[in-house]
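Novice: Mind looking over this structure? Questions follow.
The values are calculated or read from the model by the stated rules, or taken from the named source; none is laboratory data. What you see is a predicted model, and the numbers here were worked out from it, not measured in a lab. Ideal geometry is used to build each Cβ from the backbone, glycine not excepted, and the neighbour counts take in all protein chains shown. When the accessible area is computed, the model is the full protein with side chains, heavy atoms only, and any ligands, DNA or RNA have been set aside. Shrake-Rupley method; radii C 1.70, N 1.55, O 1.52, S 1.80 Å.
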Amino acid sequence: MEILFDKNTPWPEMSRDEAALSERLTKKIRKEIDTAGGRIPFSRYMNMVLYEPGLGYYSAGGQKLGAAGDFVTAPEISPLFSRCLAQQCAEILEHIDGGDIFELGAGSGRMAVDLLRELEKLGKLPTHYLILEVSADLRRRQQEMVRHQMPGWQSRVVWLDELPRHPVQGVVLANEVIDAFPVDRFRIDDGEVQEIGVAVAGDDLVIDLVPAGRHLSAAVHRLEELRESSFADGYESEICMSMPAWMASVGQCLERGVMLLIDYGHVRSDYYHPQRSRGTLLCHYKHRAHEDPFFRPGLQDLTAWVDFSELAEAGAASGLDFAGFTTQANFLLGCGLEKLAEDIAGDDLGERVELARQIKLLTLPGEMGEHFKVLGMSRNFNYPVRGFKLRDLRHML
Ligand SMILES: C[S@@+](CC[C@H](N)C(=O)[O-])C[C@H]1O[C@@H](n2cnc3c(N)ncnc32)[C@H](O)[C@@H]1O
(Lines give C-alpha, C1' and ligand atoms only; values in the text may rest on other atoms or scores of the structure.)
Protein backbone atom coordinates (compact mmCIF):
# COMPACT_ATOMS: atom_id res chain seq x y z
CA MET A 1 0.00 0.00 0.00
CA GLU A 2 1.42 3.33 -0.97
CA ILE A 3 -0.26 6.55 0.08
CA LEU A 4 0.48 9.77 -1.66
CA PHE A 5 -1.96 12.61 -1.28
CA ASP A 6 -1.35 15.11 -3.99
CA LYS A 7 -4.17 17.33 -5.07
CA ASN A 8 -2.19 19.54 -7.42
CA THR A 9 -0.93 17.07 -10.01
CA PRO A 10 -3.55 16.48 -12.71
CA TRP A 11 -5.00 12.97 -12.92
CA PRO A 12 -3.68 10.80 -15.75
CA GLU A 13 -5.94 10.61 -18.82
CA MET A 14 -8.18 7.55 -19.12
CA SER A 15 -7.94 5.44 -22.25
CA ARG A 16 -11.08 5.21 -24.37
CA ASP A 17 -11.71 1.66 -23.14
CA GLU A 18 -11.32 2.67 -19.52
CA ALA A 19 -13.70 5.58 -19.94
CA ALA A 20 -16.27 3.31 -21.61
CA LEU A 21 -15.96 0.70 -18.84
CA SER A 22 -16.42 3.28 -16.11
CA GLU A 23 -19.38 4.78 -17.97
CA ARG A 24 -21.06 1.37 -18.30
CA LEU A 25 -20.61 0.67 -14.60
CA THR A 26 -21.88 4.12 -13.63
CA LYS A 27 -25.00 3.56 -15.75
CA LYS A 28 -25.59 0.26 -14.02
CA ILE A 29 -25.22 1.86 -10.60
CA ARG A 30 -27.60 4.69 -11.53
CA LYS A 31 -30.15 2.11 -12.73
CA GLU A 32 -29.86 0.19 -9.47
CA ILE A 33 -30.30 3.40 -7.48
CA ASP A 34 -33.38 4.20 -9.55
CA THR A 35 -34.85 0.72 -9.04
CA ALA A 36 -34.15 0.94 -5.31
CA GLY A 37 -36.21 4.13 -5.05
CA GLY A 38 -33.46 6.76 -5.25
CA ARG A 39 -30.63 5.54 -3.05
CA ILE A 40 -28.49 2.52 -2.19
CA PRO A 41 -26.39 1.82 0.94
CA PHE A 42 -22.71 2.69 0.62
CA SER A 43 -21.80 -1.01 1.05
CA ARG A 44 -23.86 -1.86 -2.04
CA TYR A 45 -22.13 0.93 -4.00
CA MET A 46 -18.71 -0.31 -2.85
CA ASN A 47 -19.63 -3.87 -3.76
CA MET A 48 -20.59 -2.79 -7.29
CA VAL A 49 -17.54 -0.61 -7.94
CA LEU A 50 -15.21 -3.36 -6.74
CA TYR A 51 -16.88 -6.61 -7.73
CA GLU A 52 -19.65 -6.09 -10.32
CA PRO A 53 -19.00 -8.98 -12.77
CA GLY A 54 -16.99 -7.80 -15.77
CA LEU A 55 -17.10 -4.14 -14.69
CA GLY A 56 -15.95 -3.76 -11.07
CA TYR A 57 -12.40 -2.82 -10.13
CA TYR A 58 -11.41 -6.38 -9.15
CA SER A 59 -13.59 -8.09 -11.77
CA ALA A 60 -12.59 -6.22 -14.93
CA GLY A 61 -9.29 -6.89 -16.66
CA GLY A 62 -7.20 -3.87 -15.63
CA GLN A 63 -3.80 -4.08 -13.96
CA LYS A 64 -4.44 -3.45 -10.27
CA LEU A 65 -1.39 -4.43 -8.27
CA GLY A 66 2.23 -3.45 -8.77
CA ALA A 67 4.04 -0.52 -10.33
CA ALA A 68 1.77 -0.40 -13.39
CA GLY A 69 -1.37 -0.63 -11.26
CA ASP A 70 -2.87 1.46 -8.47
CA PHE A 71 -1.24 0.17 -5.30
CA VAL A 72 1.49 -2.18 -4.11
CA THR A 73 1.04 -4.84 -1.46
CA ALA A 74 3.76 -6.34 0.73
CA PRO A 75 4.28 -9.50 -1.37
CA GLU A 76 4.69 -7.25 -4.43
CA ILE A 77 7.19 -5.01 -2.63
CA SER A 78 9.56 -7.77 -1.66
CA PRO A 79 9.83 -11.57 -1.79
CA LEU A 80 11.18 -11.26 1.77
CA PHE A 81 7.61 -10.83 2.99
CA SER A 82 6.48 -14.21 1.62
CA ARG A 83 9.74 -15.85 2.64
CA CYS A 84 9.18 -14.75 6.25
CA LEU A 85 5.62 -16.01 6.07
CA ALA A 86 6.96 -19.30 4.73
CA GLN A 87 9.13 -19.72 7.87
CA GLN A 88 5.97 -19.31 9.91
CA CYS A 89 3.97 -21.74 7.79
CA ALA A 90 6.81 -24.29 7.97
CA GLU A 91 6.80 -24.10 11.76
CA ILE A 92 3.03 -24.61 11.95
CA LEU A 93 3.03 -27.47 9.41
CA GLU A 94 5.86 -29.15 11.29
CA HIS A 95 3.89 -29.11 14.55
CA ILE A 96 0.90 -30.80 12.98
CA ASP A 97 2.86 -33.21 10.76
CA GLY A 98 2.03 -31.46 7.49
CA GLY A 99 -1.16 -30.22 5.97
CA ASP A 100 -2.52 -27.63 3.55
CA ILE A 101 -2.23 -23.88 3.09
CA PHE A 102 -5.44 -22.07 2.21
CA GLU A 103 -5.07 -18.52 0.88
CA LEU A 104 -7.99 -16.15 0.42
CA GLY A 105 -7.77 -13.31 -2.10
CA ALA A 106 -4.43 -14.15 -3.71
CA GLY A 107 -4.14 -11.02 -5.89
CA SER A 108 -1.54 -11.55 -8.63
CA GLY A 109 -0.47 -14.92 -7.14
CA ARG A 110 2.93 -13.50 -6.19
CA MET A 111 2.70 -14.50 -2.52
CA ALA A 112 1.66 -18.07 -3.36
CA VAL A 113 4.61 -18.54 -5.72
CA ASP A 114 7.25 -17.03 -3.40
CA LEU A 115 5.88 -18.84 -0.38
CA LEU A 116 5.87 -22.23 -2.09
CA ARG A 117 9.40 -21.70 -3.40
CA GLU A 118 10.66 -21.03 0.10
CA LEU A 119 8.72 -23.94 1.58
CA GLU A 120 10.24 -26.22 -1.03
CA LYS A 121 13.71 -25.07 0.05
CA LEU A 122 12.79 -25.76 3.66
CA GLY A 123 11.47 -29.21 2.73
CA LYS A 124 8.07 -28.30 4.15
CA LEU A 125 5.77 -28.13 1.15
CA PRO A 126 2.07 -28.32 2.01
CA THR A 127 0.05 -31.18 0.54
CA HIS A 128 -2.09 -28.63 -1.31
CA TYR A 129 -2.07 -24.87 -1.70
CA LEU A 130 -5.74 -23.90 -1.92
CA ILE A 131 -6.81 -20.50 -3.26
CA LEU A 132 -10.23 -18.89 -3.02
CA GLU A 133 -10.41 -15.78 -5.17
CA VAL A 134 -13.63 -13.84 -5.87
CA SER A 135 -12.30 -12.10 -8.97
CA ALA A 136 -12.41 -14.22 -12.14
CA ASP A 137 -9.82 -11.92 -13.72
CA LEU A 138 -7.36 -12.26 -10.82
CA ARG A 139 -7.92 -15.99 -10.68
CA ARG A 140 -6.86 -16.19 -14.35
CA ARG A 141 -3.78 -14.08 -13.59
CA GLN A 142 -2.88 -16.30 -10.62
CA GLN A 143 -3.19 -19.43 -12.78
CA GLU A 144 -0.97 -17.84 -15.42
CA MET A 145 1.64 -16.94 -12.84
CA VAL A 146 1.72 -20.43 -11.33
CA ARG A 147 1.85 -22.02 -14.81
CA HIS A 148 4.74 -19.80 -15.88
CA GLN A 149 6.77 -19.66 -12.72
CA MET A 150 6.13 -23.12 -11.31
CA PRO A 151 5.52 -25.49 -14.20
CA GLY A 152 4.71 -28.92 -12.87
CA TRP A 153 3.14 -27.53 -9.71
CA GLN A 154 -0.35 -27.07 -11.03
CA SER A 155 -1.69 -30.17 -9.33
CA ARG A 156 -0.51 -28.90 -5.94
CA VAL A 157 -2.16 -25.49 -6.32
CA VAL A 158 -5.94 -25.80 -6.35
CA TRP A 159 -8.44 -22.99 -7.03
CA LEU A 160 -11.72 -23.30 -5.19
CA ASP A 161 -15.13 -21.88 -6.15
CA GLU A 162 -16.30 -21.77 -2.56
CA LEU A 163 -14.98 -22.42 0.94
CA PRO A 164 -13.33 -25.86 1.21
CA ARG A 165 -15.80 -28.70 1.73
CA HIS A 166 -13.27 -30.68 3.75
CA PRO A 167 -11.89 -29.21 6.97
CA VAL A 168 -8.45 -27.64 6.57
CA GLN A 169 -5.52 -28.79 8.65
CA GLY A 170 -2.68 -26.33 8.27
CA VAL A 171 -2.54 -22.59 7.69
CA VAL A 172 -5.20 -20.12 6.50
CA LEU A 173 -3.80 -16.88 5.06
CA ALA A 174 -5.35 -13.58 3.98
CA ASN A 175 -3.14 -10.60 3.17
CA GLU A 176 -4.89 -7.30 2.48
CA VAL A 177 -8.21 -9.02 1.81
CA ILE A 178 -10.47 -7.75 4.57
CA ASP A 179 -9.70 -4.10 3.72
CA ALA A 180 -11.37 -4.82 0.37
CA PHE A 181 -14.70 -5.79 1.99
CA PRO A 182 -17.58 -3.33 1.39
CA VAL A 183 -18.38 -1.15 4.41
CA ASP A 184 -21.44 0.75 5.59
CA ARG A 185 -20.81 4.38 6.47
CA PHE A 186 -22.48 6.48 9.16
CA ARG A 187 -22.55 10.05 10.37
CA ILE A 188 -23.87 11.49 13.61
CA ASP A 189 -26.20 14.48 13.21
CA ASP A 190 -28.06 16.03 16.16
CA GLY A 191 -27.22 12.96 18.22
CA GLU A 192 -28.89 10.65 15.66
CA VAL A 193 -27.19 7.98 13.56
CA GLN A 194 -27.47 8.74 9.85
CA GLU A 195 -26.61 6.24 7.16
CA ILE A 196 -24.39 7.58 4.40
CA GLY A 197 -25.74 6.17 1.16
CA VAL A 198 -25.42 6.94 -2.53
CA ALA A 199 -27.95 8.78 -4.69
CA VAL A 200 -28.02 10.59 -8.02
CA ALA A 201 -28.14 14.37 -8.51
CA GLY A 202 -28.26 15.45 -12.14
CA ASP A 203 -25.40 13.60 -13.83
CA ASP A 204 -23.53 12.90 -10.61
CA LEU A 205 -23.44 10.20 -7.99
CA VAL A 206 -23.67 11.90 -4.60
CA ILE A 207 -23.67 11.15 -0.89
CA ASP A 208 -27.15 10.79 0.59
CA LEU A 209 -28.00 10.85 4.30
CA VAL A 210 -31.03 9.12 5.84
CA PRO A 211 -31.76 7.97 9.41
CA ALA A 212 -29.90 4.68 9.81
CA GLY A 213 -31.86 1.44 9.77
CA ARG A 214 -32.11 -0.90 12.73
CA HIS A 215 -28.97 -2.95 12.08
CA LEU A 216 -26.60 -0.07 11.43
CA SER A 217 -28.02 1.96 14.36
CA ALA A 218 -27.59 -1.00 16.70
CA ALA A 219 -24.01 -1.53 15.50
CA VAL A 220 -23.12 2.15 16.05
CA HIS A 221 -24.74 2.20 19.51
CA ARG A 222 -22.80 -0.94 20.41
CA LEU A 223 -19.59 0.88 19.50
CA GLU A 224 -20.63 3.79 21.70
CA GLU A 225 -21.28 1.42 24.59
CA LEU A 226 -17.89 -0.24 24.14
CA ARG A 227 -16.05 3.09 24.09
CA GLU A 228 -18.25 4.34 26.95
CA SER A 229 -19.12 7.61 25.22
CA SER A 230 -21.29 8.85 22.39
CA PHE A 231 -19.88 9.98 19.08
CA ALA A 232 -19.88 13.75 18.64
CA ASP A 233 -22.06 15.49 16.08
CA GLY A 234 -20.41 15.44 12.67
CA TYR A 235 -18.47 12.23 13.45
CA GLU A 236 -18.23 9.96 10.41
CA SER A 237 -16.89 6.45 10.14
CA GLU A 238 -17.70 3.04 8.74
CA ILE A 239 -18.44 -0.51 9.86
CA CYS A 240 -17.81 -3.70 7.95
CA MET A 241 -21.07 -5.51 8.67
CA SER A 242 -20.18 -8.61 6.61
CA MET A 243 -16.85 -9.26 8.34
CA PRO A 244 -18.03 -11.22 11.44
CA ALA A 245 -19.98 -13.71 9.29
CA TRP A 246 -16.98 -14.06 6.95
CA MET A 247 -14.66 -14.69 9.89
CA ALA A 248 -17.05 -17.27 11.32
CA SER A 249 -17.39 -19.17 8.04
CA VAL A 250 -13.67 -19.14 7.24
CA GLY A 251 -12.81 -19.97 10.85
CA GLN A 252 -15.12 -22.97 10.72
CA CYS A 253 -13.09 -24.38 7.81
CA LEU A 254 -10.03 -24.66 10.04
CA GLU A 255 -9.99 -27.97 11.89
CA ARG A 256 -6.43 -27.80 13.14
CA GLY A 257 -3.81 -25.12 12.69
CA VAL A 258 -3.49 -21.34 12.51
CA MET A 259 -5.20 -18.55 10.61
CA LEU A 260 -3.03 -15.48 9.88
CA LEU A 261 -4.83 -12.30 8.85
CA ILE A 262 -2.63 -9.44 7.74
CA ASP A 263 -3.98 -6.02 6.94
CA TYR A 264 -3.81 -2.35 7.73
CA GLY A 265 -6.03 -1.59 10.66
CA HIS A 266 -6.47 -0.54 14.25
CA VAL A 267 -7.74 -1.92 17.51
CA ARG A 268 -11.26 -0.61 18.17
CA SER A 269 -10.27 2.21 20.54
CA ASP A 270 -7.97 3.66 17.86
CA TYR A 271 -10.29 2.99 14.96
CA TYR A 272 -13.20 4.83 16.55
CA HIS A 273 -11.06 7.42 18.29
CA PRO A 274 -12.79 10.82 18.60
CA GLN A 275 -10.03 12.39 16.51
CA ARG A 276 -10.49 9.94 13.64
CA SER A 277 -13.70 11.73 12.81
CA ARG A 278 -13.79 11.05 9.06
CA GLY A 279 -13.32 7.30 9.15
CA THR A 280 -10.68 5.40 7.21
CA LEU A 281 -12.18 4.98 3.75
CA LEU A 282 -9.56 5.63 1.08
CA CYS A 283 -9.46 5.47 -2.69
CA HIS A 284 -6.34 4.42 -4.62
CA TYR A 285 -5.72 5.38 -8.23
CA LYS A 286 -2.35 5.13 -9.95
CA HIS A 287 -0.48 5.20 -6.62
CA ARG A 288 -2.31 8.25 -5.36
CA ALA A 289 -4.68 8.11 -2.43
CA HIS A 290 -7.68 10.40 -2.11
CA GLU A 291 -11.15 10.54 -0.54
CA ASP A 292 -13.59 10.77 -3.45
CA PRO A 293 -15.41 7.41 -3.80
CA PHE A 294 -17.19 8.63 -6.96
CA PHE A 295 -14.01 9.27 -8.94
CA ARG A 296 -13.87 7.06 -12.06
CA PRO A 297 -16.08 4.22 -10.72
CA GLY A 298 -14.61 0.82 -11.45
CA LEU A 299 -11.14 2.17 -12.22
CA GLN A 300 -9.99 2.93 -8.69
CA ASP A 301 -9.67 0.81 -5.56
CA LEU A 302 -11.74 1.61 -2.47
CA THR A 303 -10.61 0.32 0.91
CA ALA A 304 -11.28 0.78 4.60
CA TRP A 305 -9.00 -0.14 7.47
CA VAL A 306 -9.75 -3.23 9.52
CA ASP A 307 -11.16 -3.17 13.06
CA PHE A 308 -8.94 -5.91 14.52
CA SER A 309 -10.86 -6.04 17.81
CA GLU A 310 -14.05 -6.91 15.93
CA LEU A 311 -12.18 -9.44 13.81
CA ALA A 312 -10.67 -11.14 16.86
CA GLU A 313 -14.03 -11.23 18.65
CA ALA A 314 -15.70 -12.78 15.61
CA GLY A 315 -12.97 -15.42 15.50
CA ALA A 316 -13.36 -16.18 19.20
CA ALA A 317 -17.14 -16.39 18.77
CA SER A 318 -16.62 -19.11 16.15
CA GLY A 319 -14.54 -21.12 18.62
CA LEU A 320 -11.04 -20.09 17.55
CA ASP A 321 -8.28 -19.42 20.08
CA PHE A 322 -5.92 -16.44 20.05
CA ALA A 323 -2.51 -17.25 18.63
CA GLY A 324 -1.28 -13.65 18.80
CA PHE A 325 -1.57 -10.09 17.54
CA THR A 326 1.27 -7.82 16.56
CA THR A 327 2.53 -5.30 14.02
CA GLN A 328 3.82 -6.43 10.63
CA ALA A 329 7.33 -5.28 11.57
CA ASN A 330 7.39 -7.39 14.75
CA PHE A 331 5.90 -10.34 12.93
CA LEU A 332 8.46 -10.29 10.11
CA LEU A 333 11.36 -9.81 12.50
CA GLY A 334 10.03 -12.67 14.64
CA CYS A 335 10.01 -14.84 11.52
CA GLY A 336 13.69 -14.13 10.90
CA LEU A 337 13.61 -11.20 8.44
CA GLU A 338 17.14 -10.04 9.27
CA LYS A 339 18.71 -13.47 8.80
CA LEU A 340 16.82 -14.06 5.53
CA ALA A 341 17.92 -10.67 4.22
CA GLU A 342 21.53 -11.39 5.17
CA ASP A 343 21.38 -14.75 3.38
CA ILE A 344 20.21 -13.29 0.09
CA ALA A 345 22.24 -10.07 0.12
CA GLY A 346 25.02 -10.51 -2.40
CA ASP A 347 28.08 -8.30 -2.93
CA ASP A 348 26.40 -6.05 -5.47
CA LEU A 349 25.96 -2.65 -3.87
CA GLY A 350 22.91 -1.78 -5.98
CA GLU A 351 21.15 -4.98 -4.91
CA ARG A 352 21.96 -4.35 -1.25
CA VAL A 353 20.55 -0.83 -1.48
CA GLU A 354 17.37 -2.18 -3.11
CA LEU A 355 17.03 -4.84 -0.40
CA ALA A 356 17.42 -2.20 2.30
CA ARG A 357 14.70 -0.10 0.62
CA GLN A 358 12.32 -3.07 0.59
CA ILE A 359 12.98 -3.85 4.26
CA LYS A 360 12.30 -0.23 5.18
CA LEU A 361 8.98 -0.26 3.35
CA LEU A 362 7.93 -3.47 5.09
CA THR A 363 9.00 -2.52 8.60
CA LEU A 364 9.29 1.23 9.23
CA PRO A 365 6.52 2.67 11.43
CA GLY A 366 5.64 5.38 8.87
CA GLU A 367 5.44 2.78 6.08
CA MET A 368 3.84 -0.64 6.51
CA GLY A 369 5.60 -1.64 9.73
CA GLU A 370 3.00 -0.41 12.22
CA HIS A 371 -0.08 0.44 10.18
CA PHE A 372 -0.19 -3.21 9.20
CA LYS A 373 -1.02 -5.78 11.85
CA VAL A 374 -1.10 -9.55 11.98
CA LEU A 375 -3.83 -11.39 13.84
CA GLY A 376 -3.35 -15.10 14.52
CA MET A 377 -6.27 -17.30 15.50
CA SER A 378 -5.92 -21.05 15.96
CA ARG A 379 -7.82 -24.26 16.54
CA ASN A 380 -6.53 -27.42 18.18
CA PHE A 381 -3.06 -25.94 18.09
CA ASN A 382 -1.22 -25.43 21.36
CA TYR A 383 2.20 -24.28 20.30
CA PRO A 384 3.83 -20.85 20.33
CA VAL A 385 3.76 -19.03 16.98
CA ARG A 386 7.15 -17.48 16.21
CA GLY A 387 5.81 -14.35 14.46
CA PHE A 388 4.29 -13.23 17.76
CA LYS A 389 7.24 -14.01 20.00
CA LEU A 390 8.90 -10.55 19.81
CA ARG A 391 5.88 -8.60 20.94
CA ASP A 392 2.38 -9.99 21.38
CA LEU A 393 -0.09 -7.11 21.59
CA ARG A 394 -3.25 -9.14 22.07
CA HIS A 395 -3.98 -7.30 25.33
CA MET A 396 -4.71 -4.21 23.21
CA LEU A 397 -7.51 -5.84 21.23
C1 LIG B 1 -5.93 -5.74 -2.08
S2 LIG B 1 -5.96 -7.23 -2.95
C3 LIG B 1 -4.71 -8.16 -2.11
C4 LIG B 1 -4.14 -9.24 -2.96
C5 LIG B 1 -3.04 -10.12 -2.34
N6 LIG B 1 -3.48 -10.81 -1.15
C7 LIG B 1 -1.78 -9.33 -2.04
O8 LIG B 1 -1.45 -9.17 -0.87
O9 LIG B 1 -1.13 -8.87 -2.99
C10 LIG B 1 -7.48 -7.97 -2.35
C11 LIG B 1 -7.73 -9.37 -2.88
O12 LIG B 1 -8.80 -9.98 -2.15
C13 LIG B 1 -9.75 -10.54 -3.08
N14 LIG B 1 -11.01 -10.65 -2.34
C15 LIG B 1 -11.83 -9.69 -1.90
N16 LIG B 1 -12.86 -10.20 -1.20
C17 LIG B 1 -12.65 -11.54 -1.15
C18 LIG B 1 -13.35 -12.64 -0.54
N19 LIG B 1 -14.47 -12.44 0.16
N20 LIG B 1 -12.85 -13.88 -0.70
C21 LIG B 1 -11.72 -14.09 -1.40
N22 LIG B 1 -11.03 -13.10 -2.02
C23 LIG B 1 -11.48 -11.84 -1.88
C24 LIG B 1 -9.65 -9.58 -4.25
O25 LIG B 1 -10.21 -10.05 -5.42
C26 LIG B 1 -8.13 -9.42 -4.33
O27 LIG B 1 -7.52 -10.54 -4.90
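Novice: With each label point set 7 Å from Cα along the Cα-Cβ vector, what nm distance links Asp189 and Glu120?
Specialist: Each label point lies 7 Å from its Cα, and together they span 5.8 nm.
Novice: A further question on this structure: Between Thr73 and residues 5 or more places away or on another chain, which pairs have amide H atoms under 5 Å apart, with H built 1.01 Å from N, and which residues are they?
Specialist: Under 5 Å from the amide H of Thr73: Gly66.
Novice: Output ³J(HN,Hα) for segment 372-380: one whole-Hz value per residue in order, computed from phi by the Karplus curve 6.51 cos²θ - 1.76 cosθ + 1.60 with θ = phi - 60°, and x for Gly and Pro.
Specialist: My calculation for segment 372-380 gives 8, 10, 10, 10, x, 10, 9, 9, 6 Hz in order.
Novice: Could you compute the longest span of the chain free of GluC sites (Glu not before Pro) located in DSSP loops and having at most 14 other Cβ atoms within 10 Å, not counting the site residues?
Specialist: 14-161
Novice: First check a/c for segment 280-371, with a ≥ b ≥ c the square roots of the eigenvalues of its C-alpha gyration tensor; if it is under 1.5, answer rounded, and if not, answer prolate when a/b is larger than b/c or oblate otherwise.
Specialist: Because a/c hits 1.5 or more and a/b fails to exceed b/c, segment 280-371 counts as oblate.
Novice: Taking amide hydrogens as modeled 1.01 Å from N in the peptide plane, which residues meet the under 5 Å criterion relative to Val193, leaving out close sequence neighbours?
Specialist: HN-HN under 5 Å from Val193: Ala212.
Novice: In square angstrom, what is the accessible area per residue of segment 191-326 with a 1.4 angstrom probe?
Specialist: 39 Å²
Novice: Can you count the Lys pairs in the chain whose Cα atoms are under 17 Å apart, with each pair 8 or more apart or on different chains?
Specialist: Close lysine pairs found across the chain: 7.
Novice: Taking amide H positions as placed in the peptide plane 1.01 Å from N, state which residues far from Leu209 in sequence (5 or more) or on other chains have amide H under 5 Å from it.
Specialist: Those lying under 5 Å, H to H, from Leu209 are Gly197.
Novice: Now a separate question. Can you say what percent of the DSSP beta bridges in segment 232-370, counting only those with both residues inside, are antiparallel? Round to 5.
Specialist: So the antiparallel bridges amount to about 65 percent of the total.
Novice: Using only Cα atoms, find the angle between the long axis of helix 110-122 and the longest principal axis of the chain, and express it within 0 to 90 degrees, rounded to the nearest 10.
Specialist: Result, in degrees: 20.
Novice: Along the charge dipole of the chain, Cβ charges K/R +1 and D/E -1, which of Phe231, Phe388, Val193 sits furthest on the positive end?
Specialist: Checking the options against the dipole of the chain, the answer is Phe388.
Novice: Could you derive backbone 3J(HN,Hα) for segment 307-323 from the dihedral phi with the Karplus parameters 6.51, -1.76 and 1.60 (θ = phi - 60°), listing whole Hz in sequence and x where the residue is Gly or Pro?
Specialist: 8, 5, 5, 4, 4, 5, 5, 5, x, 5, 5, 9, x, 7, 9, 7, 9
Novice: Here's another thing I want to ask about it. Which is farthest toward the positive dipole end of the chain among Ser155, Leu125, Gln275, measuring Cα position about the Cα centre, with Cβ charges +1 (Lys, Arg) and -1 (Asp, Glu)?
Specialist: Ser155
Novice: Something else now. With a ≥ b ≥ c the root eigenvalues of the C-alpha gyration tensor of segment 336-397, is it rounded (a/c under 1.5), prolate (a/b larger than b/c) or oblate?
Specialist: Note, shape of segment 336-397 comes out oblate.
Novice: Let me cross-check Lys389: its accessible surface, 1.4 Å probe, with only protein heavy atoms counted, in Å² to the nearest 10?
Specialist: Approximately 140 Å² of Lys389 is accessible to the 1.4 Å probe.
Novice: If you don't mind, another one. So between Lys360 and Gln252, what do we pick up on full extension, going 0.36 nm a residue minus the alpha carbon distance?
Specialist: Fully extending the segment from Lys360 to Gln252 adds 35.3 nm.
Novice: With θ set to phi - 60° and the Karplus curve 6.51 cos²θ - 1.76 cosθ + 1.60, what are the ³J(HN,Hα) couplings of segment 264-269 in order, to the nearest whole Hz, using x for Gly and Pro?
Specialist: So the Karplus estimates, Gly and Pro as x, are 8, x, 10, 6, 4, 5 Hz.
Novice: Moving on. Quick one: accessible surface of Asp17, probe radius 1.4 Å, all protein chains present, in square angstrom to the nearest 10.
Specialist: Roll a 1.4 Å probe over it and Asp17 shows about 120 Å².
Novice: Could you state how much accessible area Val134 has, in square angstrom rounded to the nearest 10, with a 1.4 Å probe and all protein chains kept in place?
Specialist: 120 Å²
Novice: Another question about this same structure. On a full-extension model of 0.36 nm per residue, what is the gain between Gln154 and Asp292, subtracting their alpha-carbon distance, rounded to one decimal in nm?
Specialist: My answer for the length gained is 45.6 nm.
Novice: Carbon and sulfur together cover what percent of the accessible area of the chain at a 1.4 Å probe radius?
Specialist: Exposed carbon and sulfur together represent 50 percent of the surface.
Novice: Quick one: dipole size for segment 265-350, taken about the Cα centre, charges +1 on Lys/Arg Cβ and -1 on Asp/Glu Cβ, in debye to the nearest 20.
Specialist: Dipole about the Cα centre, nearest 20: 520 debye.
Novice: Which whole-number percent is the relative contact order of the chain (Cα, under 8 Å, 6+ apart)?
Specialist: 20 percent
Novice: Return one number: the angle in degrees, 0 to 90 and rounded to the nearest 10, between the long axis of the Cα atoms of helix 79-95 and the longest principal axis of the Cα atoms of the chain.
Specialist: 70 degrees
Novice: While we're here: Excluding ligands, DNA and RNA, what is the solvent-accessible area per residue of segment 52-146 at a probe of 1.4 Å, expressed in Å²?
Specialist: Averaged over the residues of segment 52-146, the accessible area is 32 Å².
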